[in-house]
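The values are calculated or read from the model by the stated rules, or taken from the named source; none is laboratory data. Note that the structure is a prediction, hence the values are computed from the model and not measured. Note: ideal-geometry Cβ built from the backbone for every residue, glycine included; neighbour counts use all protein chains shown.
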Amino acid sequence: MRQRHVLCFVAMIIGAYSMIGGNALGQNSEPAIGIFEGREDVGTVLHAGWVNYDSAKRTYTISGSGENMWSTNDAFQFAWKKMSGDVTLTADVSFLTTSGNEHKKAALMLRQSLDADSVYADVALHASGLTSLQFRDEKGAITREVQSNISGPKRLRIAKRGDYVYMSLSNDGEPKVAGGWLRIPLSGSFYVGLGVCSHDKDAVEKAVFSNVELTQPAAASGQPSLYSTLETVVVDSADRRVVYLAPGRFEAPNWTRDGSAFLFNRDGHVERLAVHGDKPVVIDTGFANRCNNDHGISPDATQLAISDNSQGDRNSMVYVVPIAGGTPRRITQKSPSYWHGWSPDGKTLAFVGQRDGDFDIYAISAAGGEETRLTTAKGLDDGPEYSPDGKYIYFNSERTGHMQIWRMKPDGSEQEQVFFDEQNNWFPHISPDGQWMVFLTYGADVTGHPENKDVMLRLMSLADKKISVLAKLFGGQGTINVPSWSPDSKQLAFVSYMLVPEAK
């Protein structure tokens, strides 16, 4: 009798263990977990997770514990398959209950290793509906995220193409591109799979993944599809959020003085998008229908400076129009001229002009008149912007051999380099409270400010000149050419880009 009880108990243990994709010897049972090879708890968890695969319904119910999938270490249950090359993982995702922490997560993940501090990227659905592309691009680094503007999507997708990953989401039907295009260094073979984290070390939460598809696309042919994404980034946390995404190219966001909208240029026009809106409207700029990415709002928020190529010799000239639109009033008489800054008192514009083959910085009355040359050094000077107190004009200059950030008095005197490094730094923008400077950084090997490059937005504290990385992204030209701080100095707007290969 005792032997029968022992045998029955052993059979129960083996049967239960087969439901979670393993056995007492630590071997993985592939049929028990569908398309995935294994499963385990990553990081430190107080309660073991498990995976239940229903072959009839082709669903994965995953239970996971763990304090979080964030910061420098993760803790969650992971069903995985080792792969290499390009991959696409898609699934319908839902939680079994609405209870528990609102930030419990169900995720589609690519992960270099099963270490708690591994390089990874995932598309994570939170119980609150927040959906983000989370990533750690160096082992042991802080996790960052790009939050989607779609809440609580039904179907999620993470895709790896070459060195880049991106997310696609939908509430109904095939997922559509939703942001990302981040360089994540996944080398050789890596783990692809499904994860659940309770966001509460004392709890266990369940999520269901259905209609799961894991594919490796054929090599793409033809031109990739370009997408532009207007994003915001919070200075304190470096969290990014998608505001607006569209096929094609748009550029250079301004944040309006009252914080209610963004302005950007597309197809020769300037468009306005409400902060919580999804449909931009074109601002009437009259005959100026070839506006480029150098535009900005007057301190009193009544006027818009634009740079337009539609008239005369078709080189850029600076105009001013009413902020709501109207007939442009020409400011510069010579071309090419590109607006970049407005003095705090609204009386003077700073711009870049090419004269006799040299690009230098000039000032001119907002009413028009004669221009005043402020820089004469050999090499390109660009991106002039007044500090909020009006004491300086910040700009970038390659006079020392590569592009660096400089500043000078408004009359052009006392020109000095702000800091020194080996990167190429462009377009300094000073926060409205005067505490921060953000700028665009290219690698040391990049000439000019081209589009479609891996770049960084870096942040300097003007009080102590300490520099930190605010965001890494795919961009460059069009990302942050003009002032784009929020009025409260807490956030910044910018444009990132995606080059998604044609699906096969």
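For the reader, a short list of remarks on this structure follows.
- Evaluating Pro428 against the criteria (1) over 21 Å from Arg241 (Cβ atoms); (2) in contact (Cβ under 8 Å) with a residue 12 or more places away in the chain; (3) part of a loop (DSSP other than H, G, I, E, B) leaves one unmet condition, (3).
- You will find that of Gly401, Gly383, Gly390, the residue that is touching a Gly at 6+ places or on another chain (Cβ under 9 Å) and outside any strand (DSSP E or B) is Gly401 and no other.
- Listed here are the strands (runs of 3 or more DSSP E) enclosed by the range 101-172 that have at least 2 residues being modelled with pLDDT of 95 or more and within 22 Å of Glu67 (Cβ to Cβ): 105-111, 120-126, 131-136, 144-147.
- Pairs with Cβ under 9 Å, 6+ apart, first in the range 334-347 and in the same structural domain as Leu374 (by TED's automatic domain parsing) and modelled with pLDDT under 95, second assigned to a strand (DSSP E or B) and crowded, with 23+ Cβ neighbours inside 10 Å: none
- All of Ala350, Ala366, Ala324 fail the test of being in the same structural domain as Leu263 (by TED's automatic domain parsing), of a type in the set (A, V, I, L, M) and in contact (Cβ under 8 Å) with a residue 60 or more places away in the chain, apart from Ala366.
- Tally, over the range 45-73, of residues that are surrounded by fewer than 17 Cβ atoms within 10 Å (Cβ to Cβ), of a type in the set (Gly, Ala, Ser) and either within 10 Å of Ile33 (Cα to Cα) or in contact (Cβ under 8 Å) with a residue 12 or more places away in the chain (or both): 3
- Unique residue being in contact (Cβ under 8 Å) with a residue 12 or more places away in the chain, closer than 22 Å to Val438 by Cβ and in the same structural domain as Ser489 (by TED's automatic domain parsing) when the list is Gly383, Gly379: Gly383
- All told, Gly401 meets the bar of being at pLDDT below 95, surrounded by fewer than 18 Cβ atoms within 10 Å (Cβ to Cβ) and either within 21 Å of Gly296 (Cα to Cα) or of a type outside the set (A, V, I, L, M, F, W, C) (or both).
- Residue among Asp278, Asp313, Asp294, Asp300 that alone is touching a Gly at 6+ places or on another chain (Cβ under 8 Å), assigned to a loop (DSSP other than H, G, I, E, B) and assigned by TED's automatic domain parsing to the domain that holds Leu473: Asp300
- Only listed residue being at positive phi, in the same structural domain as Thr44 (by TED's automatic domain parsing) and touching an Asp or Glu at 6+ places or on another chain (Cβ under 6 Å), chosen from Gly100, Gly129: Gly100
- Criterion violated by Ala301 - all others in (1) without any contact (Cβ under 8 Å) to a residue 24 or more places away in the chain; (2) surrounded by fewer than 20 Cβ atoms within 10 Å (Cβ to Cβ); (3) aliphatic (A, V, I, L, M) satisfied: (1)
- Pairs where the first residue, in the range 397-413, is within 17 Å of Glu371 (Cβ to Cβ) and the second is among the aromatic types (Phe, Trp, Tyr), C-beta under 9 Å, 6+ apart: Met408/Tyr392; Met408/Tyr394; Met408/Phe395; Pro410/Tyr386; Pro410/Tyr392
- Summed over the range 181-229, the residues that are of a type in the set (Val, Ile, Thr) and surrounded by fewer than 14 Cβ atoms within 10 Å (Cβ to Cβ) give a count of 1.
- Among the numbered conditions (1) more than 19 Å from the chain's Cα centre (by Cα); (2) aliphatic (A, V, I, L, M); (3) surrounded by 22 or more Cβ atoms within 10 Å (Cβ to Cβ), the only one that Leu462 does not meet is (3).
- In the range 249-269, the residues that are on the phi > 0 side of the Ramachandran plot and assigned to a strand (DSSP E or B) form Cβ pairs under 9 Å with partners that are at pLDDT 95 or above and acidic (Asp, Glu), at six or more places apart or across chains, as follows: Ala252/Asp294.
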